[in-house]
Amino acid sequence: MKKAELASQFVSQHQQQFQCPVCGGEIDSVVDQTIYCEHEHSFDISKKGTLFMINAPVKTEYTDEMLRYRQQMLTAGFFEPMLKAVSVQIKHGGLVLDAGCGEGTTTKWLAQQNHNDAYVGLDISKPAINIAGSGAVNAPQPLFMVGDLAKLPFGDQQVTTIVNILSPANYQEFDRVLQPGGKLIKVIPNSQYLNELRALVYPEGEHATYDNSPVKDHFIAHYGNVEFTPAHYQFDLTPALFKALFEMTPLTWRAAERKESILKQGLTQITADFEIGVVTK
Ligand SMILES: C[S@@+](CC[C@H](N)C(=O)[O-])C[C@H]1O[C@@H](n2cnc3c(N)ncnc32)[C@H](O)[C@@H]1O
Ligand SMILES: [Zn+2]
């Protein structure tokens, strides 16, 4: 089956769980590759099987080029140990939303581990969702959509698990769409995340570590009881992967004029350091 047909089938099967991002109305029908809400707002499924479920496009700091380098780094397995720890937390048998999925490697990886769940990857960046929808389809195909996590195209209490990896969150909206007993799994970078790269970019030592406390404090302030698990490991780099790492993050922008010498210097390993916070609604 073609990607667009798979996506159309996905929406039909989960029609009751979606809602119109324009008016909040129910999804009324899926005809061929177009979705209609009860108030006649319509959304076309692209050839890649992606959806545009947002009022107006939003430009983000991630360029197409950065997203492709990020995809290279992630498909090489940079996030895999962290994703394994996320995967074991997923509540099965329902809809899993990867909120702020970027170029989609995380959503695809999680879907591969859990064939009985339905995966939706949502990101506000159109170039990111374009990349997510490209390439070979490995069943089960996640549904990728351009959308705003502050106005999710899901009805109340329709999502079983929300995964939120290194992305902004909207806890009111997450609470609205999560089923009772549903889970929110939020991955926050910890202080040593990319520290070898930080040391190269900030040779004076400023910002050599990352302070995650504002994000973590906001998370805890909303939910109170959050269970955190650390994921800390080293990932081996080839010169090509080091270049991908350098190019995928806005962190290195301030060292743009030293780029060539930093690339020459290189790194053979990079630290991944995350905290995985889990909340059950
Ligand atoms: C650091 S990236 C992480 C992407 C992916 N989860 C990963 O780990 O590779 C943050 C992502 O959040 C997305 N984002 C920012 N604001 C958003 C919003 N309001 N709704 C949906 N996505 C958003 C950005 O477009 C970007 O892709
Ligand atoms: Zn509508």
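The values are calculated or read from the model by the stated rules, or taken from the named source; none is laboratory data. Here the structure is a predicted model, which is why all the values come from computation and not from measurement. No Cβ is skipped: glycine too gets one built from the backbone with ideal geometry, and neighbour counts run over all protein chains shown. For the accessible areas, the whole protein counts, side chains as well, though only heavy atoms, and no ligand, DNA or RNA atoms are used. Shrake-Rupley method; radii C 1.70, N 1.55, O 1.52, S 1.80 Å.
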What part of the accessible area of the stretch 24-100, given as a whole %, is carbon or sulfur when the probe is 1.4 angstrom?
47
Phi-based couplings in Hz for the stretch 40-56 (Karplus 6.51, -1.76, 1.60; Gly and Pro marked x)
6, 6, 10, 9, 8, 8, 6, 4, 6, x, 9, 10, 10, 10, 8, 5, 9
Within the stretch 1-93, which GluC sites (Glu not before Pro) sit in a loop by DSSP and count at most 12 neighbouring Cβ atoms inside 10 Å?
Glu40, Glu61
Kindly provide the helix-only [θ] at 222 nm of the chain, computed as the sum of -39,500 (n - 2.57) over DSSP H runs of four or more divided by all residues, to the nearest 500 deg cm²/dmol?
-9000 deg cm²/dmol
List the aspartates and glutamates whose alpha-carbon lies under 17 Å from that of Lys216, not counting same-chain residues fewer than 8 positions away?
Glu227, Asp273, Glu275
Taking the simple approach of a point 7 Å from Cα along Cα-to-Cβ for both Thr75 and Met1, what is their distance in nm?
2.4
Taking the solvent-accessible surface of protein heavy atoms with a 1.4 Å probe, what is the per residue accessible area of the stretch 125-189 in Å²?
31
List the lysines whose alpha-carbon lies under 17 Å from that of Lys84, not counting same-chain residues fewer than 8 positions away?
Lys108, Lys183, Lys186
Do any cysteines of the chain lack a neighbour Cys whose Cβ is under 4.7 Å away, and which are they?
Cys23, Cys101
The percentage of the accessible area of the stretch 139-210 (probe 1.4 Å, all protein chains present) made up of carbon and sulfur atoms, to the nearest whole number, is 49
